[in-house]
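S.K.: Below is one structure. I have some questions about it.
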Amino acid sequence: MKSKRSHNYLIGSFLLVFFVMLGYTVKFYPEYLTFETPFLKSFPAQFPALAHFFKWITKFGNAGSVAILTLAFLFFLLAQNRKAAGIWLSVNVFIIASLNGLVKLVYLRPRPDLLHQVKVASTSFPSGHAMAAVLLFGTLWILSKKMIRRKGLRCAAETLAILMILMISASRMYLNVHFPTDILGGWSLGLAWLFFSYPTFQKYDAVERLKQLRH
């Protein structure tokens, strides 16, 4: 158990260092990232249906949608007597994800100088949608592995969680409101927290399950 915990902390530390290095490049050496705008311009703009799809899917990363989904899963977890899981999910989304706005103030990166296909109000790095998607759906991915016994249903839940992270993140680039490095920043910061916090959650979840078995 101790080795697994150390493994999680090691990966979390690597992701945090990666975020710091990426953020340093974004803030002080943006000239090294000039390839990003041509990359965004390379996306096909002649498919209205694809743009409509991404405008719809990106809403799942909006603060209101994330809050509603989190509350729905929180009530489900509490109904299943999984208080530790509910607390972990709530902390990940309602506290950690909400810190994204403060992190943005450190970098103050302008949005891509392209036509934004959805309204945006804050700066660009790191992506709040990408970070929130990782913290919400990444947590649900982990919980599905622990809670769903039927293999087929578990695989479906895990696949859906990963797809939601990827599609929400892709939508931010397709809609011209985020650079690829913004997405990587949101992913690395969200994943770092999941790896750091998972051992603590696992400890309290195991204690909770043991108490329930005794009763």
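S.K.: Could you compute the net charge surrounding LYS211? Neighbours are other residues with a C-beta less than 14 Å from the C-beta of LYS211; K and R count +1, D and E count -1. Could the numbers behind the result be given before it?
M.R.: On the way: positive: ARG82, LYS83, LYS203, ARG209, ARG214; negative: ASP205, GLU208.
Neighbour charge sum, excluding LYS211 itself: +3.
S.K.: Return the ratio Rg/(2.2 N^0.38 Å) for the chain, where Rg is computed over Cα atoms only.
M.R.: 1.09
S.K.: Please compute the net charge surrounding ASP113, taking Lys and Arg as +1 and Asp and Glu as -1 over other residues with Cβ under 12 Å from its Cβ. Before the final figure, lay out each step's value.
M.R.: Details: positive: LYS41, ARG109, ARG111; negative: GLU36.
So the surrounding residues net to +2.
S.K.: Still on this model: Compute the relative contact order of the chain as a whole-number percentage, counting only Cα pairs closer than 8 Å that sit 6 or more residues apart in sequence.
M.R.: Once normalised by length, the contact order is 33 percent.
S.K.: Please report, in whole Å, how far the alpha carbons of the range 176-215 spread along each principal axis, starting with the longest.
M.R.: The principal-axis extents, from largest down, are 54, 17, 7 Å.
S.K.: OK, next. Pairs LYS27/LYS119; LYS4/LYS145; LYS59/LYS203; LYS2/LYS27; LYS4/LYS59; LYS41/LYS119: which exceed 26 Å Cα-Cα? Each step should come with its number before you reach the end.
M.R.: Working: LYS27/LYS119 24 Å; LYS4/LYS145 17 Å; LYS59/LYS203 34 Å; LYS2/LYS27 37 Å; LYS4/LYS59 36 Å; LYS41/LYS119 18 Å.
In this structure, LYS59/LYS203; LYS2/LYS27; LYS4/LYS59 exceed 26 Å between Cα atoms.
S.K.: Starting from the Cα-Cα distance between LYS211 and MET21, subtract it from 0.36 nm times their residue separation and give me the gain in nm to one decimal.
M.R.: Working: separation 190, 0.36 × 190 = 68.40 nm, distance 4.35 nm.
Extra length available between LYS211 and MET21 comes to 64.1 nm.
S.K.: With no solvent and one point per C-alpha, what does the Debye sum give as log10 I(q)/I(0) for the range 1-112 at q = 0.14, 0.18 Å⁻¹?
M.R.: -0.97, -1.19
S.K.: Return the equivalent ellipsoid semi-axes of the range 118-215 as a descending list in whole Å, where each equals the square root of 5 times an eigenvalue of the C-alpha gyration tensor.
M.R.: Working: eigenvalues 201, 51, 16 Å².
Three semi-axes, in Å: 32, 16, 9.
S.K.: When only alpha-carbon atoms are used, what values of Rg and Dmax, in angstrom, describe the range 69-123?
M.R.: According to the Cα coordinates of the range 69-123, Rg and Dmax are 16.4, 48 Å.
S.K.: What angle do you read, to the nearest 10 degrees and between 0 and 90, between the alpha-carbon axis of helix 48-57 and the longest principal axis of the chain?
M.R.: Between the helix axis and the principal axis of the chain, the angle is about 40 degrees.
S.K.: Where does each of SER90, SER188, SER6 land when they are ranked from fewest to most other beta-carbon atoms within 10 angstrom?
M.R.: SER6, SER90, SER188
S.K.: Now a separate question. For the chain, what is the calculated [θ] at 222 nm in deg cm²/dmol (nearest 500), taking -39500 (n - 2.57) for each run of four or more DSSP H residues and dividing by its residue count?
M.R.: Result for the chain: -24000 deg cm²/dmol, rounded to the nearest 500.
S.K.: Sort PHE19, PHE75, PHE179, PHE196 so the one with the fewest other Cβ atoms within 10 Å of its own Cβ comes first.
M.R.: Working: PHE19 21, PHE75 11, PHE179 26, PHE196 16.
So the ranking, lowest neighbour count to highest, is PHE75, PHE196, PHE19, PHE179.
S.K.: Could you work out the local net charge near LYS83, counting Lys and Arg as +1, Asp and Glu as -1, over the other residues with Cβ closer than 10 Å to its Cβ?
M.R.: -1
S.K.: For helix 128-147, what angle does its Cα long axis make with the longest principal axis of the chain, in degrees from 0 to 90 and rounded to 10?
M.R.: Compared with the principal axis, the helix lies near 30 degrees.
Quick note: the coordinates plus some simple rules give every number you see, no bench work behind them. This structure is a prediction, so every number in the text was calculated from the model and none was measured. Every residue, glycine among them, receives a Cβ derived from its backbone with ideal geometry; neighbour counts consider all protein chains shown.
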